[in-house]
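One structure is given below, encoded as structure tokens.
What follows is calculated from the coordinates using simple rules that are stated; it is not laboratory data. As the structure is a computational prediction, the values presented were derived from the model and not from experiment. Don't worry about glycine lacking a Cβ; one is built from the backbone with ideal geometry, like all the others, and counts go over all protein chains shown.
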């Protein structure tokens, strides 16, 4: 049987895998969010983002989010996959998605997956500028 | 007692883990651990938030620490 939930931390993220993973005979809707590296933040040019994680806890927290989503909405499959390491401009860093019979459930769930991931999963992002680097959201 | 460090907490302390030496006062709770670490490293107290994970679960201030627990300091997360 194919897993209904996939949560993973990976070095290289391939967003093209996710369609096959979410595709399901009972799903008429598949919704996917891909987060990528943006070149400018507050008018400053970003060279790269560096991600690190507390892997054991991150997987646990990602599993909780996926299970919560399954409970809240009528979903057939959920994927949460985040990359770690150094990522350049335009590279994908996170993919979340859900599939469901109708589109409303997967649209709403997809937003919940990424919003909750950003709040609770122990992953940290450092913005690498030309002459400095900054841990995002670390200080007020 | 060893505390795992990540992100900016790792940079502040200058290592990926911090050992509270055996002849120091051992913190018995999450609140005491935070107190001790922010005293030893005042920069930790200036972060937007500072959480502690015990056995890879977020732990409230009142949670008691056991010597075999895996303890980690969780500075503000910024995935996605």
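Computed on the Cα atoms alone, the convex hull of region A:58-103 gives a volume of 77 cubic angstrom per residue. The mean number of Cβ atoms from other chains found within 10 Å of a Cβ in peptide A:122-135 is 4, as a whole number. Please give the FRET efficiency for residue A:90 paired with residue A:139, using the beta carbon to beta carbon distance and R0 = 25 Å, rounded to the nearest 0.05. After rounding to 0.05, the efficiency reads 0.35. The length gained by stretching the chain between residue B:11 and residue B:70 to full extension, at 0.36 nm per residue less their Cα-Cα distance, is 19.2 nm. Taken along its three principal axes, the alpha carbon spread of region A:20-140 comes to 51, 26, 25 Å, from the longest extent down to the shortest.
The slack in the chain from residue A:3 to residue A:119, taken as 0.36 nm per residue of separation less the alpha-carbon distance, amounts to 39.2 nm. Within the protein assembly as shown, the ratio Rg/Rh, alpha carbon atoms throughout and Rh by Kirkwood, equals 1.02. Using the Cβ-Cβ distance between residue B:26 and residue B:49 with R0 set to 25 Å, the FRET efficiency works out to roughly 0.55.
Output the peptides A:37-50, B:44-57, B:1-14 sorted from most to least packed, where packing is the average of other Cβ atoms within 10 Å over each peptide's residues.
B:1-14, B:44-57, A:37-50
For region B:6-23, backbone nitrogen atoms closer than 15 Å to the point 7 Å from residue A:50 Cα along Cα-to-C-beta are found at B:6-16. Highest-first packing order for the peptide set B:29-42, A:10-23 is B:29-42, A:10-23, based on the mean count of other beta carbon atoms within 10 Å. Beta bridges per DSSP, both residues in region A:5-131: antiparallel share near 80 percent. Between residue A:23 and residue A:40, the modelled label-to-label distance comes to 3.9 nm, taking each label 7 Å out from Cα in the direction of the beta carbon. With R₀ set to 25 Å, the beta-carbon distance separating residue A:10 from residue A:63 gives a calculated FRET efficiency near 0.95.
Mean residue ellipticity, 222 nm, helices only, the protein assembly as shown: the sum of -39500 (n - 2.57) across DSSP H runs of n ≥ 4, divided by residue count and rounded to 500, is -8500 deg cm²/dmol. The angle between the Cα long axis of helix A:103-120 and the main principal axis of chain A comes to about 40°, on a 0 to 90 degree scale.
What the Cα convex hull of chain B gives, in volume per residue, is 90 Å³.
Work out the mean other chain Cβ neighbour count within 10 Å for the residues of B:66-75 and drop it here as an integer.
Working: counts 0, 0, 0, 0, 3, 0, 4, 1, 5, 6.
Per-residue shielding by partner chains comes out at 2.
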